[in-house]
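A.B. asks: Attaching a single structure in structure tokens format; questions to follow.
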Amino acid sequence: MALGLVFLLASGDSGSVFGMEDEAFARTLYLGILAAVISVGVLGSGIRFGQAARTMAIWAAIILVLMAGYQYRYELQDIASRVTAGLVPGSPLSITDEDGRAAVMLDRMASGHFEVRAEVNGTPVTVMVDTGATGTVLTAADARRAGYDPDTLSFDVPIMTANGQARAARIVAEELRVGEIVRTRLPLLVVQEGQLDRSLLGMNFIGTLSGFDMRGERLILRD
């Protein structure tokens, strides 16, 4: 280390030592000292060289795995999302499109509809994507799970459902999340008990997107 410092000082303003830039030489010197300290520690501990080499190889492998996991963390998140989407029907697969914007990919269900596990105020709610619905509509049961009491709501909004005429109440969701797409303070409707089979994701949410398109059996929502 002392010799290395002497060489660095002696180089003056030349900017190089033995043909190496000062910064590169200093980095090499640092790594050499670190290797020397580790070697002396291993040799002085009395541990056999083979055992020490195996231990160092294990630690090196662990470090490499952690570094690779960090570098490829976004790709690993995509893989985890794809696995979850395959295991749990309706799970949204969040991706990043070619423009760098968040997008959510949905697979068509066996029923022929596109359903997704959304979150209303942090509560999971399965909704069916319905471009024919003007607003997003919750069943009374889903609204209750999301923190709204249907018994205290005023059902004064006439709406038309697949089951015919129904009445709904207006509420506001503090947050509606579909994958990585989030909307806040979004107006919703809640229908009376038994008037709707499932909650609907309507155009008041879909209309806020930059676009959506269907590719075969998949629907892609783009933020």
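A.B. asks: Filter region 179-198 for residues that are assigned to a strand (DSSP E or B) and touching a Ser or Thr at 6+ places or on another chain (Cβ under 9 Å) and give the result.
C.D. replies: ILE181, ARG183, LEU186, PRO187, LEU188, LEU189, VAL190, VAL191
A.B. asks: Could you look through region 93-114, keep only residues that are modelled with pLDDT of 75 or more and closer than 13 Å to GLY211 by Cα, and pick out the one that is surrounded by the fewest Cβ atoms within 10 Å (Cβ to Cβ)?
C.D. replies: Residue satisfying both the conditions and the ranking: ARG101.
A.B. asks: Related question: Is at least one residue of region 117-136 in contact with a strand residue (DSSP E or B) (Cβ under 9 Å, 6 or more places away or on another chain), among the charged types (D, E, K, R) and in a strand (DSSP E or B)?
C.D. replies: yes
A.B. asks: Then there's this: It is to be established whether one or more residues within region 199-206 are within 24 Å of MET109 (Cα to Cα), in contact with a strand residue (DSSP E or B) (Cβ under 6 Å, 6 or more places away or on another chain), assigned to a loop (DSSP other than H, G, I, E, B) and touching a residue at least 12 places away in the same chain (Cβ under 8 Å).
C.D. replies: Looking for residues that are within 24 Å of MET109 (Cα to Cα), in contact with a strand residue (DSSP E or B) (Cβ under 6 Å, 6 or more places away or on another chain), assigned to a loop (DSSP other than H, G, I, E, B) and touching a residue at least 12 places away in the same chain (Cβ under 8 Å), one finds none in region 199-206, hence no.
A.B. asks: Can you run down the residue pairs with Cβ atoms below 6 Å, 6 or more apart or on separate chains, where the first is in region 145-173 and surrounded by 14 or more Cβ atoms within 10 Å (Cβ to Cβ) and the partner is part of a strand (DSSP E or B) and of a type in the set (S, T, N, Q)?
C.D. replies: Note: pairs meeting the criteria are ARG145/THR123; ALA146/THR123.
The values are calculated or read from the model by the stated rules, or taken from the named source; none is laboratory data. This structure is a prediction, so every number in the text was calculated from the model and none was measured. Because the Cβ atoms are built from the backbone with ideal geometry, glycine has one as well, and the counts that use them run over all protein chains shown.
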